[in-house]
Amino acid sequence: DFDADAIWLEGAYAGRVAQNLARDLQRPLFVRSHNIEHLYAARQGRKAGSWAERLKWSGQLKALQRLETRTLAAANAFFDISVDDLAWWSSRGMTRGHWLPPIVDESQARRLAAPPAPGERTHDVGYLGNLATPNNVEGVLWFLAEVMPRLRAARSDLKVFIAGSTPRSEIVAACQKAAVDLIPDATDAVAVQRRARVLVNPVFFGSGVNVKSVDMLLSGAHPVSTPQGLAGFPPMVKAEFAVAAEAGPFSDAILAQLAGPDLLVASASREHARSLFGPASVVDALKVVRHFVRRP
């Protein structure tokens with residue numbers, strides 16, 4: 001009754017449903033890939049804290065790998081969120097891929113990028129992200145245990161917050177020990193991000209792209225990240241971040257950003273990098289889709 005022009009699948013998990021629809025309706029199939037799902041699940045499982053959590057992440061890896069591979073192979077084209085994952089699939093014979101970065105709502109982007117109001121920058125350093133998944137928990141605990149002492153030694157008055165949903169008990173304890181403000185389950189993520197002069201992403205493993213890094217790029221804060229936090233982005237995006245993989249250089253990068261002025265007007269290169277995450281990327285993807293739609 002809907003008479004679809006095409007089938008668009010978000011992720012691999014409903015792959016069999018989408019393939020059956022494409023076959024039965026005789027319509028082209030397109031897949032949006034947010035991760036190499038079986039690799040992401042395997043990495044999360046290795047870092048999980050309990051056997052039950054490891055089983056949740058790792059129990060069906062072989063079946064997930066088969067489903068993911070067969071779904072991409074059946075698609076007329078797929079659109080990967082990550083340039084690195086796109087290259088990984090291409091090296092394994094999946095050559096129908098295109099890069100489609102995460103698209104940020106324009107009103108949210110404007111709020112993030114607006115110059116700070118007087119008194120809005122309440123903290124020097126901030127982090128915002130899920131505080132329950134193993135990769136984020138590992139990164140935040142590393143930041144609090146390894147980076148914060150170095151920052152305190154240089155600036156004892158430094159104000160830092162950790163914000164995010166469902167913080168695990170070890171995150172709560174580590175924030176208390178480091179004298180860092182914990183903001184759990186914030187209702188307005190943009191307002192929280194705008195409190196910080198420097199935003200950090202201390203993640204060490206993952207897949208796809210780290211969407212919090214996109215928000216950091218769009219914000220008026222100075223962004224500092226580990227290399228993994230920028231995985232999947234093209235060089236022009238990575239160039240807008242201070243990047244460090246070890247605690248000493250990471251803290252040095254934060255302090256160097258704090259020593260400079262607040263970012264009131266974005267540079268031309270940062271504006272160009274930001275533009276990659278706007279609606280124009282969707283237009284490019286739809287041009288690919290239109291090539292396969294055979295309708296009057």
Requested in this report: Give the residue, chosen from S207, S281, S269, that is closer than 30 Å to F78 by Cβ, loosely packed, with under 13 Cβ neighbours inside 10 Å, modelled with pLDDT under 95 and among the hydroxyl-bearing types (S, T, Y).
Outcome: S269
Report task. Answer yes if at least one residue in the range 26-49 is open to solvent by less than 80 Å² (accessible area, probe 1.4 Å), farther than 26 Å from T133 by Cβ and hydrophobic (A, V, I, L, M, F, W, C), and no otherwise. Result -> yes
Query raised in the report: Which helices (runs of 4 or more DSSP H) does the range 1-102 wholly contain that include 1 or more residues that are over 22 Å from A231 (Cβ atoms)?
Result: 15-25, 51-58, 61-74
Query - Filtered residue count, the range 264-296, keeping only those that are in a loop (DSSP other than H, G, I, E, B), touching a Pro at 6+ places or on another chain (Cβ under 9 Å) and farther than 14 Å from I103 by Cα - result: 4
Query raised in the report: Taking strands (runs of 3 or more DSSP E) that fall entirely within the range 130-222, which contain at least 1 residues that are more than 20 Å from the chain's Cα centre (by Cα) and of a type outside the set (K, R)?
Result: 160-164, 181-184
Report summary line: Conditions (1) open to solvent by 10 Å² or more (accessible area, probe 1.4 Å); (2) over 18 Å from G164 (Cβ atoms) -> F250 fails only (1)
Report task. Mind listing whichever residues of the range 93-110 are touching a residue at least 12 places away in the same chain (Cβ under 8 Å) and over 19 Å from the mean Cα position of the chain (by Cα)? Result -> M94, R96, G97
Query raised in the report: Hey, does the range 138-156 have a residue that's more than 21 Å from G248 (Cβ to Cβ) and either modelled with pLDDT under 95 or open to solvent by less than 30 Å² (accessible area, probe 1.4 Å) (or both)?
Result: no
Query raised in the report: Quick one: is A73 within 27 Å of R290 (Cβ to Cβ), in contact with a Gly (Cβ under 9 Å, 6 or more places away or on another chain), modelled with pLDDT of 90 or more and surrounded by fewer than 16 Cβ atoms within 10 Å (Cβ to Cβ)?
Result: yes
Requested in this report: Would you check which residues across the range 176-197 are buried (at least 22 other Cβ atoms within 10 Å of the Cβ) and either touching a Pro at 6+ places or on another chain (Cβ under 8 Å) or free of Cβ contacts under 8 Å to residues at least 12 places away in the same chain (or both) and list them?
Outcome: R194
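The values are calculated or read from the model by the stated rules, or taken from the named source; none is laboratory data. Quick caveat: nothing in here was measured; it's all calculated off a predicted structure. Virtual Cβ from ideal backbone geometry, glycine too; neighbours counted across all protein chains shown. The area values use the complete protein model at the heavy-atom level, side chains included, leaving out ligands, DNA and RNA. Shrake-Rupley method; radii C 1.70, N 1.55, O 1.52, S 1.80 Å.
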